[in-house]
Amino acid sequence: MPVGRTAGSLLGAMLMVLFRVMTPEEAYAAIDLPILGLLFGTMVVSIFLERADMFKYLGNMLSWKSRGSKDLLFRVCVVSAVASALFTNDTTCVVLTEFILKVARQNNLPPQPFLLALASSSNIGSAATPIGNPQNLVIAVESGITFGQFLLGVFPAMVVGILANTFILLCYFWRYLSADRDQLEGGGAHGPEVVADEEVTSHRFTPARMSHASSVNDSDCISEPIRRSESMNRADALRSRSYNSEGDIQVAIRSLRASSLSREMVEVSTVCDRRDVVVDGGGGGGPRKITRSTSHQRSVIIEDAPEQHQHPAGLFDGEKDKDDEAIGKRRRWKVIVWKYAVYLTTLGMLAALLLGLNMSWTAITAALILLALDFTDAQACLEKVSYSLLIFFCGMFITVDGFNKTGIPNTLWELVEPYARIDSPKGVVLLAIVILVLSNVASNVPTVLLLGTRVAASAAAISPASEKKAWLILAWVSTVAGNLTLLGSAANLIVCEQARRAQFFGYNLTFWSHLRFGVPSTIIVTAIGLLIVMSY
């Protein structure tokens with residue numbers, strides 16, 4: 001049933017209650033609120049970091065004084081791994097995919113190795129911290145392992161895994177990366193599948209979302225009226241910018257009403273035609289021409305008719321320039337102060353996590369501080385939170401808990417458990433294979449929910465240290481398992497979809513092209529990481 005993972009998880013939860021596997025009260029009790037709070041807090045923090053240009057700075061690090069294609073590939077691996085460990089792998093893939101495509105195309109380099117580097121390194125890097133991906137959030141809350149202990153246990157494996165993954169990429173694509181630019185430009189070396197211009201759309205993704213619509217319904221191709229406030233009528237003009245909602249437009253109007261530029265582009269939704277409409281600006285502002293574009297994004301361009309700048313009477317040109325310069329300087333300082341406040345709040349959250357404070361409330365507190373510092377209506381920011389992901393988790397908690405009540409998982413685990421104990425190398429290998437297969441068949445989050453307590457209980461019978469080690473093994477293998485196939489993790493799908501829909505730089509990353517690299521990379525990186533985690 002192609003209903004998507006969110007609706008699928010809710011369907012499973014509903015069936016558990018309808019077939020009386022569990023009561024409605026037990027279903028509500030199965031929802032783990034600390035995990036949802038931690039996930040919500042980290043998404044809000046990621047949204048503010050994106051607004052504060054953190055990811056733009058990370059993107060600039062990729063091309064700054066680059067020494068060639070191999071150096072660029074290494075930078076993509078390192079930057080995406082570090083960013084994923086701190087801001088989740090899905091957020092990193094959303095904000096860096098188009099930038100990496102652009103850099104590769106501008107340097108006549110094949111996009112495939114850089115896209116694979118981004119997706120695979122983001123998955124590996126996210127294994128290092130509890131906030132790197134959703135399954136690690138579950139493991140950190142269920143196991144009680146602190147942020148620092150988690151970092152010490154998996155971070156060395158992540159570093160070595162990134163180096164091994166980069167080495168595999170360089171070996172696999174050495175000929176392509178070493179080819180002359182003229183050959184690459186001719187397309188003979190790598191044969192990329194580029195999406196035709198008419199099939200490419202500029203599709204904006206919000207940084208916190210893990211899954212996005214792949215197409216636009218024709219019924220959505222209807223323009224919505226844009227309400228203009230009185231402050232817009234008094235404004236001289238508006239700066240060219242893009243926004244996701246009408247609330248963002250109104251905030252932009254109020255913040256930019258004194259700007260001296262003469263047009264603004266507002267990206268709202270989707271339109272299918274182009275129409276010019278002339279309306280009365282009102283308030284003496286002159287006529288305005290509204291143009292609706294033909295792209296799959298709705299854009300509204302508001303152009304002011306030429307008019308003289310209005311200044312208070314009696315001001316000379318020199319005084320006007322000084323006044324404008326002072327206003328601009330104050331605005332720049334406000335932006336700088338706000339950015340530093342966002343960065344400091346994020347660092348404070350990480351410090352609190354390292355000190356062992358409650359992870360869920362720490363993330364929520366940081367999110368609320370940022371919302372307060374923004375000093376505007378929080379609706380525009382909160383609209384970007386991926387509530388579908390939160391609902392997906394609710395459905396999965398109920399579904400997995402109901403499935404556990406049937407006794408089927410216990411029966412299957414009793415057959416495997418004697419041979420999958422972590423006190424022997426064969427047991428570790430078998431356990432890793434079970435986690436690897438289940439993560440690609442049933443996805444990593446359900447796998448962690450199903451196996452987590454069972455693997456931990458089996459290891460606790462050996463020693464308390466073995467229990468902690470079992471949780472870390474589960475975190476490492478279930479995360480790296482996402483690199484096996486294109487469908488193994490949401491980060492892979494985000495890179496694929498973003499690359500296919502990237503305007504002017506579109507590229508189709510196929511399932512088989514990913515599989516040819518993913519299988520050897522996943523096996524080697526998983527094995528190396530297991531050796532390091534077991535020695536912790």
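The values are calculated or read from the model by the stated rules, or taken from the named source; none is laboratory data. Everything numeric here is computed off the predicted structure, so don't read it as measured data. Neighbour counts run over all protein chains shown; Cβ positions are idealised from the backbone, glycine included. Just the protein is used for accessible areas: all its heavy atoms, side chains included, with ligands, DNA and RNA removed. Shrake-Rupley method; radii C 1.70, N 1.55, O 1.52, S 1.80 Å.
I need the full set of residues from the range 34-43 which are within 14 Å of Glu383 (Cβ to Cβ) and either surrounded by fewer than 23 Cβ atoms within 10 Å (Cβ to Cβ) or among the aromatic types (Phe, Trp, Tyr) (or both), in order please.
Within the range 34-43, Phe40 is the sole residue that qualifies.
Run down Arg75, Arg20 and say which single residue is among the basic types (Lys, Arg) and open to solvent by 50 Å² or more (accessible area, probe 1.4 Å).
Criteria check complete, one pass: Arg20.
Collect the residues in the range 78-109 that are open to solvent by 20 Å² or more (accessible area, probe 1.4 Å) and of a type in the set (D, E, K, R), keeping them in residue-number order.
The answer is Glu98, Lys102, Arg105.
Within the group Ala491, Ala499, which residue is more than 20 Å from Pro130 (Cα to Cα), under 17 Å from the mean Cα position of the chain (by Cα) and modelled with pLDDT under 90? Explain how you work it out, then say what you get.
Values: Ala491 fails: more than 20 Å from Pro130 (Cα to Cα).
Of Ala491, Ala499, the one residue that is more than 20 Å from Pro130 (Cα to Cα), under 17 Å from the mean Cα position of the chain (by Cα) and modelled with pLDDT under 90 is Ala499.
Just to be sure I understand the filter: pairs with C-beta atoms under 6 Å, separated by 6 or more residues or on different chains, first member in the range 469-488 and under 14 Å from Val429 (Cα atoms), second member open to solvent by 10 Å² or more (accessible area, probe 1.4 Å) and assigned to a loop (DSSP other than H, G, I, E, B). Which pairs pass?
Ala470/Ile422
Would you check if Leu152 is part of a helix (DSSP H, G or I) and over 26 Å from Ile47 (Cβ atoms)?
So Leu152 passes the test.
Considering each of Thr91, Thr42, Thr6 in turn, give the residue that is among the β-branched types (Val, Ile, Thr), in a helix (DSSP H, G or I) and in contact with a Pro (Cβ under 8 Å, 6 or more places away or on another chain).
Testing whether each residue is among the β-branched types (Val, Ile, Thr), in a helix (DSSP H, G or I) and in contact with a Pro (Cβ under 8 Å, 6 or more places away or on another chain) leaves just Thr91.
Regarding the range 97-110, can at least one residue be identified that is in contact with a Ser or Thr (Cβ under 9 Å, 6 or more places away or on another chain), among the β-branched types (Val, Ile, Thr) and closer than 15 Å to Met43 by Cβ?
no
Could you give every pair whose Cβ atoms fall below 8 Å, whose first residue belongs to the range 522-534 and is more than 22 Å from Asn440 (Cα to Cα), and whose second residue is outside any helix (DSSP H, G or I), counting only separations of at least 6 or pairs across chains?
Met534/Ile422
Within the range 93-118, which residues are touching a residue at least 60 places away in the same chain (Cβ under 8 Å) and under 11 Å from the mean Cα position of the chain (by Cα)?
Cys93, Val94, Val95, Thr97
Out of curiosity, is Val428 open to solvent by 10 Å² or more (accessible area, probe 1.4 Å), touching a helix residue (DSSP H, G or I) at 6+ places or on another chain (Cβ under 9 Å) and free of Cβ contacts under 8 Å to residues at least 12 places away in the same chain?
no
Here is a yes/no grid of residues against (1) in contact (Cβ under 8 Å) with a residue 60 or more places away in the chain; (2) open to solvent by 80 Å² or more (accessible area, probe 1.4 Å); (3) assigned to a helix (DSSP H, G or I); (4) not small (Gly, Ala, Ser):
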site	(1), (2), (3), (4)
Ala326	no, no, yes, no
Tyr340	no, yes, yes, yes
Leu373	no, yes, yes, yes
Pro409	no, no, yes, yes
